[in-house]
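The values are calculated or read from the model by the stated rules, or taken from the named source; none is laboratory data. None of the values given here were measured: they were computed from a predicted structure. Methodologically, a virtual Cβ is constructed for each residue, glycine included, from the backbone with ideal geometry; neighbour enumeration extends over all protein chains shown. The accessibility values were calculated without ligands, DNA or RNA, using every heavy atom of the protein model including side chains. Shrake-Rupley method; radii C 1.70, N 1.55, O 1.52, S 1.80 Å.
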Amino acid sequence: MKRIILTGGGTAGHVTPNIALLPRLKELGYDIHYIGSYEGIEKKLIEEMQIPYYGISSGKLRRYFDLKNFSDPFKVLKGYAEARRLMKKLKPDIVFSKGGFVAVPVVMAANRAHIPVICHESDMTPGLANKLTAPFATRICCNFPETVKYLPAEKAVLTGSPIRQELKSGNKDVARVFCGFTSDKPVLLIIGGSLGSANVNAAIRGILPQLLPDFQVIHLCGKGKLDPSLNGTEGYVQFEYIKKELADLFALSDIVVSRAGANAICELLELRKPALLIPLGSNASRGDQILNAESFRSQGFCEVLTEDDLTPDRLLSTIHSLYDNRDTYIQSMEKSQLSNAISSITDLIESCVNKSPK
Ligand SMILES: CC(=O)N[C@H]1[C@@H](OP(=O)(O)OP(=O)(O)OC[C@H]2O[C@@H](n3ccc(=O)[nH]c3=O)[C@H](O)[C@@H]2O)O[C@H](CO)[C@@H](O)[C@@H]1O
């Protein structure tokens, strides 16, 4: 039996693409294992999928990559030693890395053990983890055509990002009951990234009294970011993080306000959801979400408001114009060529496994 180790974590954006690959990898007969951090978001998400999970020591998990992530080299060295032991024990045919800091020692350990490694970069410019691991990767997949030029030419492959297929088959009636909503008002979904966003949450909650006469609001606000004073507000529901109901909530939503994480926006495109993107600013990250959002706006898929422009009036008026012009955005999205990322990536995995001398 062929064996694959998947890795990636820190935020759900480094885990959900791996989850999207699971059904096809199973069909292809892979024995699938996962290496992540001891306690990161990936542990829960993967264990729920009944995939054997191995935690390794990882640098402090931050919301974005930063050189400070290396401030604890001993943890990283321990993680590398643990990853080396796991390679010896599991002897995988291939490793697939979705990036995130925890993936760095895993990719290095696999390379050291002469195991082929495929990395995937979701953002337009490579993240630090993928930059560090590029020399150890056999191939590097990317999501945006613009990314190819930042990667070693002989390794880069444009595949797009794997999207969980079950997101396409949501049921809006189930979601309406789940949220306790009526069918006489449009629904606005707010996604502040997989960890939530304090700034987006505050901006939305600040205009709730103006929004609720026209919209019902589903707010995915992130762990620890619920506002109990809003419990019971008619037409407003808040959740920390939504798993299996996400497909239904997407189906019910007319428009979406979202951070511009690479996976979230690819999902919005595939589901044809008109969106207002509020990218994470370059003060809190390397600015990758600003580039992601600009690329989507230039193709007519969304509206963008930067954090500097995020006044209550601009937010409210942009949400209204997004809703009024929703058909225009949907038409632009209909014209986009959807890539079949799941089969492109699993084909690449198969070809690397078959070429490997093992
Ligand atoms: C703060 C930070 O570091 N953000 C990065 C992180 O974002 P983040 O982890 O927020 O990633 P994305 O927006 O790309 O993906 C979030 C994923 O979580 C899912 N989801 C979200 C909320 C919820 O309640 N339920 C749920 O399932 C979404 O459907 C999506 O699949 O990784 C992305 C991909 O490398 C980057 O573009 C972002 O810049």
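Which one of these is over 22 Å from P126 (Cβ atoms), in contact with a helix residue (DSSP H, G or I) (Cβ under 9 Å, 6 or more places away or on another chain) and polar (S, T, N, Q): S356, S321, S295, S258?
Values: S356 fails: in contact with a helix residue (DSSP H, G or I) (Cβ under 9 Å, 6 or more places away or on another chain); S321 fails: in contact with a helix residue (DSSP H, G or I) (Cβ under 9 Å, 6 or more places away or on another chain); S295 fails: over 22 Å from P126 (Cβ atoms).
Just a single option satisfies the conditions, and that option is S258.
Could you tell me whether L305 is open to solvent by less than 20 Å² (accessible area, probe 1.4 Å) and over 23 Å from the mean Cα position of the chain (by Cα)?
Spelling it out, it is not the case that L305 is open to solvent by less than 20 Å² (accessible area, probe 1.4 Å) and over 23 Å from the mean Cα position of the chain (by Cα).
Could you grab the pairs with beta carbons closer than 8 Å, sequence gap of 6+ or different chains, first residue in the stretch 153-175 and hydroxyl-bearing (S, T, Y), second one open to solvent by 30 Å² or more (accessible area, probe 1.4 Å)? Listed pairs, sorted by first residue: T159/S339; T159/S344.
Since Y329 meets every condition but one in (1) free of Cβ contacts under 8 Å to residues at least 40 places away in the same chain; (2) in a helix (DSSP H, G or I), which condition does it not meet? Against the list (1) free of Cβ contacts under 8 Å to residues at least 40 places away in the same chain; (2) in a helix (DSSP H, G or I), Y329 comes up short only on (1). Just one of (1) assigned to a helix (DSSP H, G or I); (2) buried (at least 20 other Cβ atoms within 10 Å of the Cβ); (3) more than 10 Å from the ligand (Cβ to nearest atom) fails for I290. It is (3). Scan the stretch 314-336 and tell me whether some residue there is within 28 Å of L28 (Cβ to Cβ) and buried (at least 17 other Cβ atoms within 10 Å of the Cβ). Among the residues of the stretch 314-336, not one is within 28 Å of L28 (Cβ to Cβ) and buried (at least 17 other Cβ atoms within 10 Å of the Cβ), which makes the answer no. Against the definition (modelled with pLDDT of 95 or more, more than 11 Å from the ligand (Cβ to nearest atom) and open to solvent by 30 Å² or more (accessible area, probe 1.4 Å)), how does S253 come out, yes or no? Spelling it out, it is not the case that S253 is modelled with pLDDT of 95 or more, more than 11 Å from the ligand (Cβ to nearest atom) and open to solvent by 30 Å² or more (accessible area, probe 1.4 Å).
In the stretch 208-225, is there at least one residue being open to solvent by 30 Å² or more (accessible area, probe 1.4 Å), modelled with pLDDT under 95 and either in contact with a helix residue (DSSP H, G or I) (Cβ under 9 Å, 6 or more places away or on another chain) or among the hydroxyl-bearing types (S, T, Y) (or both)? The answer is yes, given that some residue of the stretch 208-225 is open to solvent by 30 Å² or more (accessible area, probe 1.4 Å), modelled with pLDDT under 95 and either in contact with a helix residue (DSSP H, G or I) (Cβ under 9 Å, 6 or more places away or on another chain) or among the hydroxyl-bearing types (S, T, Y) (or both). Considering (1) part of a loop (DSSP other than H, G, I, E, B); (2) surrounded by fewer than 15 Cβ atoms within 10 Å (Cβ to Cβ), the lone condition that S343 does not fulfil carries the number (1).
Out of everything in the stretch 236-250 that is touching a Gly at 6+ places or on another chain (Cβ under 9 Å) and near the ligand (Cβ under 8 Å from one of its atoms), what residue ends up being least open to solvent (accessible area, probe 1.4 Å)? Step through it out loud before you land on a result.
Narrowing the stretch 236-250 to residues touching a Gly at 6+ places or on another chain (Cβ under 9 Å): 237, 240-241, 245-250.
Next, only the ones that are near the ligand (Cβ under 8 Å from one of its atoms) stay: 240-241, 246.
Values: E240: 74, Y241: 76, L246: 16 Å².
Filtering the stretch 236-250 for residues that are touching a Gly at 6+ places or on another chain (Cβ under 9 Å) and near the ligand (Cβ under 8 Å from one of its atoms), the one least open to solvent (accessible area, probe 1.4 Å) comes out as L246.
Can you work out which of the residues in the stretch 1-14 that are aliphatic (A, V, I, L, M), more than 8 Å from the ligand (Cβ to nearest atom) and out of contact with any Pro (no Cβ under 8 Å at 6 or more places or on another chain) is nearest to D288 (Cα to Cα)? Here the answer is L6.
Mind checking whether some residue in the stretch 156-169 is of a type in the set (K, R), assigned to a loop (DSSP other than H, G, I, E, B) and touching a helix residue (DSSP H, G or I) at 6+ places or on another chain (Cβ under 8 Å)?
Narrowing the stretch 156-169 to residues of a type in the set (K, R): 164, 168.
Narrowing the set further to residues that are assigned to a loop (DSSP other than H, G, I, E, B) leaves 164.
This time we only want the ones that are touching a helix residue (DSSP H, G or I) at 6+ places or on another chain (Cβ under 8 Å), so: 164.
Looking for residues that are of a type in the set (K, R), assigned to a loop (DSSP other than H, G, I, E, B) and touching a helix residue (DSSP H, G or I) at 6+ places or on another chain (Cβ under 8 Å), one finds at least one in the stretch 156-169, hence yes.
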